[in-house]
1. Could you tell me whether ALA102 is at pLDDT below 90, farther than 22 Å from ARG21 by Cα and among the hydrophobic types (A, V, I, L, M, F, W, C)?
2. Of (1) touching a residue at least 24 places away in the same chain (Cβ under 8 Å); (2) surrounded by 11 or more Cβ atoms within 10 Å (Cβ to Cβ), SER58 satisfies all except one. Which?
3. May I ask you to verify whether ARG21 is more than 15 Å from THR99 (Cα to Cα), open to solvent by 70 Å² or more (accessible area, probe 1.4 Å), in a strand (DSSP E or B) and not aliphatic (A, V, I, L, M)?
4. Quick check, is ILE54 assigned to a strand (DSSP E or B) and within 16 Å of LEU125 (Cα to Cα)?
5. If a residue must be farther than 21 Å from LEU30 by Cα and crowded, with 16+ Cβ neighbours inside 10 Å, how many such residues does the range 91-131 contain?
6. Looking at ARG65, ARG32, ARG120, which is the one that is free of Cβ contacts under 8 Å to residues at least 12 places away in the same chain, among the charged types (D, E, K, R) and not in a helix (DSSP H, G or I)?
Amino acid sequence: MKRLCCWIDELIADESLPWKRNGDEVQIVLSRTLRSQTVQIARHKERYVLSSVIAHMSAVNENRRSLAFRLWRRNSLKAVVTFVIDQQERVIGLIDLPTESARRDELKFYLESLARECDRLEYILTGTDNR
């Protein structure tokens, strides 16, 4: 986990990215829209899990079954990000990667992809940027 946080700090410094890291969270600013998405970083055994909260079910204008079908369809179309509804009734975007094969440039791609896809879905579901 420490290695991942060091890579993020290096990416921010080396590439002058408008990101902010606070512990195990990174606020990713999406350059074209100036919208942002917060990504949480965790380690579970031999995997890193990147996640971002998209919206709480109470903010979504769809019933659970309809939303579950929409997420299932998006999951079948997206190769990198997985969307789920967690036990706290939140729509979450996830990326899971093995710790052994993780690389710095790959991490940048994953962080940006997760933030972008979660931000898009957040806007579709709620019409807002909850950051």
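1. So ALA102 does not fit the description; no.
2. Tallying (1) touching a residue at least 24 places away in the same chain (Cβ under 8 Å); (2) surrounded by 11 or more Cβ atoms within 10 Å (Cβ to Cβ), SER58 fails exactly one: (2).
3. yes
4. Yes: the conditions hold for ILE54.
5. 1
6. ARG32
Listed here are the residues, each with its yes/no results for (1) among the acidic types (Asp, Glu); (2) touching a Phe, Trp or Tyr at 6+ places or on another chain (Cβ under 8 Å).
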| site | (1), (2) |
| --- | --- |
| LEU50 | no, yes |
| ARG70 | no, no |
| ARG73 | no, no |
| VAL80 | no, yes |
| ARG90 | no, no |
| SER101 | no, no |
| GLU106 | yes, no |
| TYR110 | no, no |
| ALA115 | no, no |
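The values are calculated or read from the model by the stated rules, or taken from the named source; none is laboratory data. Just so it is clear, the structure is predicted and the values come from calculations on it, not from any experiment. Please note: Cβ atoms are built from the backbone with ideal geometry, for glycine as well, and neighbour counts cover all protein chains shown. Please note that ligands, DNA and RNA were not included when accessible areas were found on the heavy atoms of the full protein model with its side chains. Shrake-Rupley method; radii C 1.70, N 1.55, O 1.52, S 1.80 Å.
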